[in-house]
Structures are given as C-alpha cells and as structure tokens.
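Reading through the structure tokens given below for one structure.
The values are calculated or read from the model by the stated rules, or taken from the named source; none is laboratory data. Just so we're clear, the structure is a prediction, and the values are computed from it rather than from any experiment. Quick reminder, even Gly has a Cβ in these numbers, built from the backbone with ideal geometry, and neighbours come from all protein chains shown.
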Amino acid sequence: MTAVPVGAVRGARAETMSRVGDTCDVATDVATWHADAASAVVVALDGRDAFVTRNGIEHAARIAIGCLIRPEPGDRVLTSTADGVIWITAVLDRHSDMPLRLWAEANLEIVSARGDVSLTAAGAVDIGAGSRARVAAPEINLHAGVARFVLDELTQVGRRINCYVTTMRSIGEVIETFAEHVLTRAKRSSRFIEASDQMRAGDIDHRAEGTLQLQAEVALVTADTVVRMDAAQIHMG
C-alpha cells in the first residue's frame, strides 16, 4: 500500500472537480470499483475528501455525512457508489490506537424528542469548547466526591442560596459584602484580627445577658454631649 500525502488528496479532488463535465473519466474511475457496496482501506484524508485503496488500486472518495465515526488512515471502511462518487458510509475496523471520534463540519445537535440522553464513561469525561459552554435546565443535580472549580471570574445571580455544610472556609485577600440586611445566628462566635478592626454605624446596640468585658492598654470613650453610666454599683480604680 502506498501512502498518499494529504496535499495530494486536495490536488486530486480539485482535478476530479475540474472534470465534472467529462463523464467518461468519472465513469471509468467508478467502473473499476466493480461493486455498489464494498470494503476498502483509507490511505489519506483532507476534510471530507479521502483516498481509499481496494485490490491494490487507489480511488478518490468522499466521507458521507451519515458516517458518524470519523475515518482515519489505515481504517477499513464500508463504501458505496452513488451518482458517480465513491462514498465512505461507515468505519468497519481499526487496528491503530486512535480514539473513535464523532466528527461534523457544521453544527451538530443530539436530540431526544421523547426520552433521555445519557453520557457514560468508565474513565473520564472531558468537555471542551473554544468559546462558550452552556447548560440550561429547570433543575441541575451535581453529585461528586470532590469538586474543584478554577475560575478567573465568577458572577452568580439568583434569588436564594442555601448552603448546608459541616465546615465552610473562605480564604481571600479582599472580601466585600454589600447587603440591605445581614443577620448572623451562632452558638459561639470568635474573631481574631491581627491589625485594626473598624466599625462605623449610625447607631450601635451591644447587649450581653451575662458579662460584658472590654480590656485594652489604653481605652478612650468620647462623646459630643453626654456620657452616661447607670448601675447598682460602679467601681472605678
């Protein structure tokens, strides 16, 4: 078997197209096929154009749109003739380690009009897109032992977020929260601030059912008008 460069396929296809008016040449090439449906071996590919060999003779062929598996050089394929063209309709056998590939030149849609679509793999499932990947459904369920998201930017818009976790940890250089109302309920709360801690509000109301303790090396309490301390006993010093 003589391998034909891919560039030769393009040149051969161009030559064949230039002889469309010469029905004798096309008929002679197909006539040597001697079969409406036969197997052949792929020699070279260029898009949907191909060269196949059968009985030691090489022929120009076309990959049919209905051939779901993309042929590769060395594959044994099923061919048929129609309108003076040899069409590759299916891949019969492959001896190389090349993966089976669903291939289309234009847009491709997988539609189940009344049932479900399942994608199952014994190993990994990879989804890659050149520009955008979109998932739209009334409900999406994700189940995994470990999930990792690596994103340059994340924008999330929704009505409600419910998180039920055992441990939650957030690490970042800057964390900003903007809300109309923030409510926190916890049995215990601890904050450890290495540098400064600032809070500015219109009114501040701190209440403790037990003990309120403020301790510092220097404590300052200032007010523009009134400072009031009210208790049954007041100890100073």
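Points worth noting:
- Put simply, of 175, 140 the only residue that is within 19 Å of the chain's Cα centre (by Cα) and either part of a loop (DSSP other than H, G, I, E, B) or over 30 Å from residue 201 (Cα atoms) (or both) is 140.
- Residue tally, condition of a type in the set (A, V, I, L, M, F, W, C), over 57 Å from the mean Cα position of the chain (by Cα) and within 30 Å of residue 180 (Cα to Cα), over the range 198-237: 2
- The residues listed here are 104, 147, 137; of these, the one that is out of contact with any Pro (no Cβ under 9 Å at 6 or more places or on another chain) and surrounded by 10 or more Cβ atoms within 10 Å (Cβ to Cβ) is 104.
- Candidates 235, 181: the one that is modelled with pLDDT of 90 or more, part of a loop (DSSP other than H, G, I, E, B) and not small (Gly, Ala, Ser) is 181.
- Residue 113 being touching a helix residue (DSSP H, G or I) at 6+ places or on another chain (Cβ under 7 Å) and either in contact (Cβ under 8 Å) with a residue 40 or more places away in the chain or exposed (fewer than 10 other Cβ atoms within 10 Å of the Cβ) (or both): no
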